[in-house]
Amino acid sequence: MEYIKRHMEDLVLELTQSYAAILLTGPRQAGKTTLLRSLLERENIGRSFVSLDNLEDRELAKTDPPTFLQRYPPPVLIDEVQYAPELFTYIKIHIDEHYRPGDFWMSGSQIYRAMKGVQESLAGRVALLCLPPLSQREIIGAPNAHFTTDFDRLLQEQRQIEPVSISELYTRIWRGSMPGVINGMFPNRKIFYSSYISTYLARDVKDISGDIDALDFLKFIRAAAARCAQILNYKSLADDAEIDVTTAKKWLNILETLGIVFLLHPYSNNVLKRTIRTPKLYFYDTGLVCHLTRWSTPESVEIGNMNGALLENFVISEITKGYQNAGLEPYLYFYRDRDGNEIDVVMEYDGKLYPLEIKKTSLPDKRITNAFNVIDKFPLQRGTGAVLCTARQFSAFDKDNLIVPVWMV
């Protein structure tokens, strides 16, 4: 199948010049191994490859790390490294004794376990990167650019990206962003997602949490998907999944650990006394949400009762992916207070707050931007805001409030 160039490639190669170890984490099937093996083939330096999915190599790595590193000396790519955290100490020793940039490339699907081992053994010696599923910019071959409301940059990007209709936009939302679906390796999308969920239930979920009922967890993840882009209510989620609140919190943490979901936290500080404190729930891949919530076609998604929530989830996940692909932390929040004021997204960078509203409309009303006025009460200065919507063209209400088509994100 045709390889889809990942925006993180250049960053990996750049960091290889200065860090002895690079750890690429992220959910299964997001393309971590494919990315690193593609770079390995282009490196032409004789880097070896080993996957700890292989039980013999895994056993050797766990029981005799020095011999493992003799069998697979650096430069080496170690796949699924989280299965042998015993390796990290010996990698640290090797780096300290023979520091060479680029000696160790590693990938790991279980983000928490991999990070925990690194924090304990390789702190300060490893570059940590998180690869999400494909971004829309990667899929269409557009250059990577984490989202900002810079007018001149958006004006230039409008000329580089082909506009799409609302129907095509919802096709993208429904299809999702997993490389195996996008590149045609798995043409039957329904079977792919069914197998994807079963793989997590059979392998990673049980590996993290021990004994767990697969049907109960499937019911839980379906209930979570139905609440994408909503304020997280653990009691309601637990009731729908027919489990207790403690279990709901534990299982949601598992989904975070595996890179399936992420939480958007509310913006607050000591000045803002009336803001709510509960986060909102989002999935990295809207295709998985559509599968779990049983939307069988893009047309049903577009006219269905989740179309607004799925559009919001899509936009926020795309913004998040753009930052992650650039190796940056996405400082994204939402705002809601007890007086009814609400802003879908508040981006913070360079000492300013940039408010965003997400709407399923081709002709947004300027009154939407009235919600941005609440930022005037914040300690930080307000930056340029934007309404992200289904408009065909990039434009503006005025110099402080832009109209940005979702296909540009």
Would you mind telling me which residue in Gly383, Gly308, Gly46 has the biggest mean-square fluctuation in a Gaussian network model of the chain, where springs connect alpha carbons within a distance under 10 angstrom? Gly46
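Quick one: length gained pulling Asp152 to Tyr331 fully straight, 0.36 nm per residue minus the C-alpha distance?
Working: separation 179, 0.36 × 179 = 64.44 nm, distance 2.21 nm.
Once the chain is fully extended between Asp152 and Tyr331, it gains 62.2 nm.
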For Ile403, list long-range residues whose amide hydrogen, built 1.01 Å from N in the peptide plane, is under 5 Å from its own amide hydrogen. Val387, Ser395, Ala396, Phe397
For the stretch 171-282, what's the relative contact order in percent, using C-alpha pairs closer than 8 Å and at least 6 residues apart? 20 percent
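Given only helices, namely DSSP H runs of n ≥ 4 each adding -39500 (n - 2.57), what is the per-residue ellipticity at 222 nm of the chain, to the nearest 500 deg cm²/dmol? Mind showing how you got there, number by number?
On the way: 18 runs with 165 residues, N = 409.
The per-residue figure over the chain is -11500 deg cm²/dmol.
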Among Gly327, Thr148, His265 - extreme Cα towards positive end, dipole of the stretch 136-408, charges at beta-carbon: His265
With point charges of +1 on the Cβ of Lys and Arg and -1 on the Cβ of Asp and Glu, referenced to the Cα centre of the stretch 1-127, which listed residue (Thr89, Pro27, Leu15) lies farthest in the positive direction of the dipole? Pro27
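Output the relative contact order of the chain, whole-number percent, from Cα pairs under 8 angstrom with separation of 6+ residues. Walk me through the numbers before you get to the answer.
Numbers: 686 pairs, mean separation 67.0, N = 409.
With pairs under 8 Å counted, the relative contact order is 16 percent.
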Relative to the longest principal Cα axis of the chain, at what angle does helix 166-175 sit, 0 to 90 degrees, rounded to 10? 30 degrees
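Hey, got the dipole for the chain? About the Cα centre, +1 on K and R Cβ, -1 on D and E Cβ, debye to the nearest 20?
Details: 47 positive and 51 negative charges, 151 e Å.
Roughly 720 debye, rounded to the nearest 20.
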Measure out, as a whole number of angstrom, how far apart the alpha-carbon centroids of the stretch 305-375 and the stretch 182-222 sit. 30 Å
Tell me which trypsin sites (Lys or Arg not before Pro) from the stretch 154-199 have a DSSP coil assignment and no more than 15 other beta carbons within 10 Å of their own. Arg159
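Within 10 Å of each residue's Cβ, count the other Cβ atoms and sort Ser167, Ser121, Ser362 from fewest upward. Don't skip to the end; give the middle numbers.
Working: Ser167 10, Ser121 18, Ser362 13.
So the ranking, lowest neighbour count to highest, is Ser167, Ser362, Ser121.
Placing unit charges on C-beta atoms (Lys and Arg positive, Asp and Glu negative, everything else neutral), compute the dipole magnitude of the stretch 114-246 about its Cα centre in debye, rounded to 20.
Values: 15 positive and 16 negative charges, 69 e Å.
The dipole magnitude comes to about 340 debye.
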Could you give each residue of the stretch 299-307 its phi-based ³J(HN,Hα) in whole Hz, using Karplus coefficients 6.51, -1.76, 1.60 with θ = phi - 60°, and x for Gly or Pro? 5, 5, 5, 4, 9, x, 6, 9, 4
Counting only DSSP beta bridges with both residues in the stretch 136-408, what percent are antiparallel, rounded to the nearest 5? 65 percent
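Evaluate E = 1/(1 + (r/R0)^6) for Glu299 and Leu13, where r is the Cβ-Cβ distance and R0 equals 41 Å; express this FRET efficiency to the nearest 0.05.
Values: r = 42 Å, r/R0 = 1.02.
E between Glu299 and Leu13, to the nearest 0.05, is 0.45.
In debye, nearest 20: dipole of the stretch 9-130 around its Cα centre with unit charges on the Cβ of K, R (+) and D, E (-)?
That gives the stretch 9-130 a dipole magnitude of about 180 debye.
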Helix 111-121 sits at what angle to the longest principal axis of the chain, using alpha carbons and giving 0 to 90 degrees rounded to 10? 50 degrees
Do any trypsin sites (Lys or Arg not before Pro) in the stretch 302-348 lie in a DSSP loop with no more than 16 other beta carbon atoms within 10 Å, and if so, which? Arg338
Under a 10 Å cutoff between Cα atoms, tell me which one of Ile276, Ile45, Ile316 has the largest fluctuation in the Gaussian network model of the chain. Ile45
Using amide H atoms built in the peptide plane, which far-off residues or other-chain residues are under 5 Å from Ser51 H to H? Asp79
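Given a cut-off of under 8 Å on Cα pairs at least six residues apart, what relative contact order in percent is computed for the stretch 94-251?
Result for the stretch 94-251 is 12 percent.
Pull out the extension gain between Asp211 and Asn370, defined as 0.36 nm times the separation in residues minus the alpha carbon to alpha carbon distance; nm, one decimal.
52.2 nm
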Pick out which of Asp64, Asp152, Asp244 has the largest mean-square fluctuation in a Gaussian network model of the chain, springs linking Cα atoms closer than 10 Å. Asp152
Step through the residues of the stretch 5-11 one at a time and calculate ³J(HN,Hα) from phi using the Karplus curve (6.51 cos²θ - 1.76 cosθ + 1.60, θ = phi - 60°), rounding each to whole Hz and writing x for Gly and Pro. 4, 9, 5, 7, 3, 4, 5
Listed here are the pairs Lys190/Lys219; Lys206/Lys249; Lys280/Lys366; Lys62/Lys249; Lys235/Lys280; which of them are more than 21 Å apart at the Cα? Lys280/Lys366; Lys62/Lys249
The helix 87-97 Cα axis meets the longest alpha-carbon principal axis of the chain at an angle in degrees, between 0 and 90 and rounded to 10, of 80 degrees
Run down the aspartates and glutamates and flag those whose C-alpha is under 19 Å from the C-alpha of Lys250, throwing out any fewer than 8 positions away in its chain. Asp204, Asp207, Asp211, Asp213, Asp216, Asp239, Asp240, Glu242
Output ³J(HN,Hα) for the stretch 327-336: one whole-Hz value per residue in order, computed from phi by the Karplus curve 6.51 cos²θ - 1.76 cosθ + 1.60 with θ = phi - 60°, and x for Gly and Pro. x, 10, 7, x, 8, 10, 9, 10, 10, 8
Search the structure for amide H atoms under 5 Å from the amide H of Ala127, placed 1.01 Å from N in the peptide plane, and list their residues when 5 or more places away or on another chain. Ala21, Ile22, Leu23
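Readers should treat all values here as calculations from the given coordinates under stated rules, not as data from a laboratory. Just so it is clear, the model here is predicted, and its values are computed rather than measured. Cβ: placed from backbone, ideal geometry, glycine included. Neighbour counts: every protein chain shown.
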